[in-house]
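Take a look at the structure below.
Every number here is computed from the coordinates shown, using simple stated rules; none is lab data. Everything numeric here is computed off the predicted structure, so don't read it as measured data. All Cβ positions, even for glycine, are placed from backbone atoms using ideal geometry, and neighbour counts span all protein chains on display.
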Amino acid sequence: MSKYLLRRVVQLIPTLIIIYTIIFVLTYLMPGDPVRALYGEEVNRMTPAQIEQIQTRLGVNRPFFVQYADFLGRMLRLDLGESYIMKGEDVSDVIGYRLPRTLQLMLGGLFFSMAIGVPAGIVAALKQYTWIDYALMVIALIGVSMPVFWQALLAQLFLTQSAYGIALFPVAGYGDGAIQYMILPSIVLGTHLSASVARITRSSMLEVKTMDYLQTARAKGLLGSTILFRHHLSNALIPVITVMGLQVSGLLTGSILTESVFNWPGLGRATVSAIQSRDMPIIMGLMAYGTLIILVVNLITDVLYAIIDPRIRYS
């Protein structure tokens, strides 16, 4: 296992370089003037010499490959530069403040997606071709089809205002970090993913249902709960874990919309603000960290395979 992990970590390096190259090229080609983003309408009163001086200080008038080499070098040093808009503030400090809050929201979303999706998939598989099965799958289809921001707005309408529903949670904000501010955004983020988890769990449970080892377990007279959780569900969870690992990118994308609606101070909200203001260092830093999170989660997913299914061994 240790040799496999080391090999996977080494394999991540060229992958990161390729992804960071794509990030740099896309950001470089993004329309917008960093000087105007930094100084606004004041640019109209500047002379060409003053604008060129600012461009030189920011380093945006250097040749493409010089900027690219500087970007990769700073990535290796974990130096993301300074924000254009938040003058003098390091991008690393901005991300360091917001990253824990986004991870907090993502973990909450993962928890609710598993807590809702896995039981729903199990019940649907056990009640195959009954009205319960059809009802759960229709609800899952609606959950997959409904945009995250629409779910967020409906949740705010019916769960935060006593005039239309039950005032259970705050409308938006982070507050002092209390858990009541986190629950509703996590439910919204997790509900969208739980629909996919429910469908995959159902399909995997039905596929495992016909395996010979389950017939053997029943012939031995094992309790139904033992067969369900120890033999049936444990083997059916492999595809579910795969989907959860792949859906991390979906959680990051969903967190952008969720954080914007709920005014949550995470990476998603910072991404929207950075794009609107053409703050290139913030954009590149956020995309770089998002890529790293996805790759690390995929690595953790591979490790979980061997933990859940002892038959899987890496060499």
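The figures follow:
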item: Principal semi-axes in Å for region 2-91 [√(5λ), Cα gyration tensor, largest first]; result: 34, 13, 11
item: Rounded to the nearest 20 debye, dipole of region 2-91 from Cβ charges on Lys, Arg, Asp, Glu; result: 560
item: Inter-probe distance in nm under a simple model that places probes 7 Å from Cα toward Cβ, at residue 36 and residue 56; result: 2.3
item: Length-normalised contact order for region 2-91 - Cα pairs under 8 Å, 6+ apart - percent; result: 23
